[in-house]
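Okay, structure first, notes after.
What follows draws every value from the coordinates through simple rules; no lab data is involved. Keep in mind it's a predicted model, so treat the numbers as computed, not measured. Virtual Cβ from ideal backbone geometry, glycine too; neighbours counted across all protein chains shown.
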Amino acid sequence: MAGNQETTSIEDLLNKNLSGVELDEATRILYGKKLEKLNLSEEAHKLAESADFELAGYIFEAKPEQTRAARKVRIGAIQNKIVAPTTESVATQRDALHSRIGVLIEAAALSGVNIVCMQETWHMPFAFCTRERLPWTEFAESAENGPTTLFCKQLAKKFGIVIISPILERDENEVIWNTAVVISHTGEVIGKTRKNHIPRVGDFNESTYYMESTLGHRVFETAFGKIAINICYGRHHPQNWMMFALNGADIIFNPSATVGGLSEPIWPIEARNAAIANHVYTVAINRVGTESFPYEFTSGDGKPAHKEFGHFYGSSYVAAPDGSRSPGLSRIRDGVLVAEVDLNACRQVKDSWGFRMTQRLDLYAKELQEFIKPDYKQNILKEL
C-alpha cells in the first residue's frame, strides 16, 4: 500500500479502539510506562502546523540522587520524505531536502533540543536499491567540507545544538562510504563514523556502493553527553550496540531506511532491546514515504522488476535503559520527535540490573577468538 492507504500509526489504532483504563493498560504493556508529554513551545507547534509535519515530545525521568545532579538532555529525531522527484537533478533534489530539513531542525531548536539526528543518507533518495552508479553516486560528498556538512555546520552554530548528519561520503581517495558526521554546537565537525554492517538482502544492494567501515565503534563526547551512531542495518547485530556502549556512549542513535514488507515487525524491538541490554538510551529513526525511480530494477527475492522500493514506515521512537519507550512518530508523515532524558538513568539501571557485571565478556572473548579460527570445532557433545 502507499499514500493514504497506509496505516498512520499503531498509536492511532490503539486510541481509536481503546480508552480509559484499557488504553492505559495497553500502553503500560507495550511501552513500559505512560510517559509525560513535553510542553513544547507554541512557536514550534505553529511551525509544524504551517509546514505540515508532526511534532511530539516526551519526558523520561530518572530517580533523584544525593551525590549527582540530574543530567537532562533533549534529544531530537527527524524523519522525512524526499521532496523533489528522483527525476530532478542531483542539486535540485539535495537543495530541496536541505530546505525541508532546515525547517525541521528549526522546530527542534525551538523545542529546546540539544542533539538532533536525521535519518540515514537524508540528503538524497534511497537509490541504493537500483544498483545504478549515475546519477546516484553524485550525491556522495566530503564529510568535512561538502555542501551538506557546510549546511549543517551553519545550523549547529546558529542554534547551539549538536547535529548528527548521516550522508553518503566520498573521501579524498574517491572511496564511497555510508557515514554519519557529528557537528558540535559550536559549528565545528567533531568527527565521523561509518556503517559497520551492510545488508545483502532483497532490494538492499548497498554493497554495490560502499564497503564496511574500518573506523570501529567511535563515541563522540559532546557538551551534552557521549553519543554514538549505529547506522541502519547495524541494529540487527547486538554486538554492534554493545561495543558502542562499552566505549562509553550514553545515547546511541540508529538512523535508518527500512521498508514495511521487510522489517516492520522487528523495528519496535531491536533498538528497545539494545537500550535494555546495554543500559543506554537508543534513538530509532526511520525514513518515511515511498520513492519511485526512473528505471525498473530487480533484486534477489524473485519479484518482478519494479520502480518503487517499498514504503518507508517512519515510526521513529526513543527507548530508555529501563525498557520504557516513547510512542512512535507517524508511518506516513514527516516528523520531529523530542525526548527529554536524564542520563543518570544509565548508571541507575546498571546498578539495578547489573548486566555490565554479569555479562562475562572474558568468557565470550575467549570463545570468539577460537570461533574465528579456520579450524574451529563447535563445542557439541553427543552420546557415544
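Determine which lysines satisfy two conditions relative to K195: a Cα distance under 22 Å, and not lying fewer than 8 residues away in the same chain. Once the sequence-local lysines are set aside, what remains near K195 is K81, K153, K226. Computed over the chain, the per-residue total of -39500 (n - 2.57) for DSSP H runs of n ≥ 4 gives a 222 nm mean residue ellipticity of -9000 deg cm²/dmol, rounded to 500.
Amide H contacts of T222 (H built 1.01 Å from N, in plane; Pro and chain starts excluded): I227 sit under 5 Å, all sequence-distant by 5 or more or on other chains.
Normalised radius of gyration (Cα atoms, divided by 2.2 N^0.38 Å) for segment 126-200: 1.16. Here segment 36-371 yields Rg over Rh of 0.96, to two decimals, using C-alpha coordinates and the Kirkwood radius. A simple spin-label model places pseudo-atoms 7 Å from Cα toward Cβ; at K158 and N247 they are separated by 3.1 nm.
Can you give the longest run of the chain that contains no GluC sites (Glu not before Pro) sitting in a DSSP loop with at most 11 other Cβ atoms inside 10 Å? Longest site-free region, per DSSP loop and neighbour criteria: 189-382.
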